[in-house]
Amino acid sequence: MDHLLEIHNLEVKFRLRSGEVTAINDVSFFLDQGERVGLVGESGAGKSVTGFAIIKLISKPGFISGGKVLFEGRDIAGLSIEEVRNIRGNRISMIFQDPMMTLNPVLSIGTQMTETILAHKNVSRAEAQAIALDKLKKVHIPSPEKRLDQYPHEFSGGMRQRIVIAIALLTDPAVIIADEPTTALDVTIQAEIMDLLSELCESEKMALILITHDLGVVSQVTDRIIVMYAGRIVEQGLTRDVVSNPRHPYTQGLIAALPESQQRGKTLCQIPGNMPSLTDMPQGCSFHPRCELVMPICKEKVPELIELDNGNALAACHALAKGGAS
Ligand code: SF4
Ligand code: MG
């Protein structure tokens, strides 16, 4: 069966003064209708770049240097700017960390929503307003009729993010790509927004790519997890399996650093060191300077993703290939 979205061997480079650097390397994954997938990793792992590449929104000096993105069976690379815009506006919506990146501060919420609908759908203004109201109800904005005339600054951060989600829903997209949608919000509001996204995926049959550095958030709402490190996928599997039995040393470190994995009174466990910079990638496995299991081969050869658990999981680590660390 064809998947809704297929990413094959995606590669993104940046042209810097010092030469070209590879930001995304050989990234492949798929997304099915209504499925919720989390792209996880520390900042600099290439999660957002992957999200932008899917909708062909990589800006200079970045460019897609290889691979394929198939959406509903069509290669996005081969489409005209017009056709890509159409997919981006209608079938795939994106939500960002800062709601003000999406909202126009000088227009009322009602105006922004109806204008968006009128730009994408052949409906009357009255019909557009009815759609806007319906979507505000879907994201549980209280008394939405009264709030249509209000401006973004009149809403709290959590409410603004709900409005952004309502705007993302206006065209009934098949996929929402949410890039750190709750990072700027406090913890209780974060949980509410995550519950809302989860609920909408089910009720609207929408697929979700949730991009976040927070494995805790991803484990609450996704069906599958893709862990990225230094521009590559290092582990992939069903969320419950990855959380209960992480295979890659990097994922193991992320799980150990979750607050719920910490024992009371102990200092927070964190992976020592930092993600390497694009201009200074270590040879071989890019995680090797931080890995406790490092072996000589790790410093020479990039580990390939290997299938584990009869193909239900993937991980890229020489120790796993040798059957050493499972
Ligand atoms: Fe660690 Fe080597 Fe596995 Fe990389 S390949 S994660 S350095 S054991
Ligand atoms: Mg990011």
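The values are calculated or read from the model by the stated rules, or taken from the named source; none is laboratory data. Being a predicted model, the structure only gives us computed values, none of them experimental. Please note: Cβ atoms are built from the backbone with ideal geometry, for glycine as well, and neighbour counts cover all protein chains shown. All accessible areas refer to the heavy atoms of the entire protein, side chains included, with ligands and DNA or RNA removed. Shrake-Rupley method; radii C 1.70, N 1.55, O 1.52, S 1.80 Å.
Straight-distance candidates among the lysines for linking to LYS299, with alpha-carbon spacing under 18 Å and chain neighbours fewer than 8 residues away dropped: LYS322.
Ignoring any ligand, DNA or RNA, what whole percent of the accessible area of the chain comes from carbon and sulfur when the probe is 1.4 angstrom?
49 percent
Around ILE7, with a cut-off of 15 angstrom between Cβ atoms, what is the net charge of the other residues, counting Lys and Arg +1 and Asp and Glu -1?
Around ILE7, the surrounding residues sum to -2.
Net charge around PHE30, counting only other residues with Cβ within less than 11 Å of its Cβ (Lys, Arg = +1; Asp, Glu = -1)? Write out the running numbers ahead of the final one.
Working: positive: ARG224; negative: ASP2, GLU6, ASP32, GLU35.
Computed value for this residue: -3.
Multiplying the residue separation of ARG74 and GLN270 by 0.36 nm and subtracting their alpha-carbon distance yields 66.4 nm.
Helix-derived [θ] at 222 nm for the chain: sum -39500 (n - 2.57) over DSSP H runs of at least 4, divide by residue count, nearest 500? Dividing the helical sum by the residues of the chain leaves -8500 deg cm²/dmol. The order of the peptides 310-318, 59-67 by mean Cβ neighbours within 10 Å, most packed first, is 310-318, 59-67. Highest mean packing comes first when the peptides 126-139, 10-23, 156-169 are listed by Cβ atoms within 10 Å, giving 156-169, 126-139, 10-23. In the structure shown, do any of LYS138/LYS205; LYS60/LYS205; LYS56/LYS138 have a Cα-Cα gap over 23 Å, and if so which? Table pairs above 23 Å Cα-Cα are LYS60/LYS205; LYS56/LYS138.
Normalised by residue count, the range 93-163 yields a Cα convex hull volume of 88 Å³ per residue. By the Cα gyration tensor, the chain has an equivalent ellipsoid whose semi-axes, rounded to whole angstrom, run 36, 23, 18 from largest to smallest. Each label was represented as a point 7 Å from its Cα along the Cα-to-Cβ direction; for GLU154 and LEU293 these points are 5.6 nm apart. State the Cα centre-to-centre distance between the range 2-78 and the range 303-322 in whole Å. Value for the Cα centre distance between the two parts: 22 Å.
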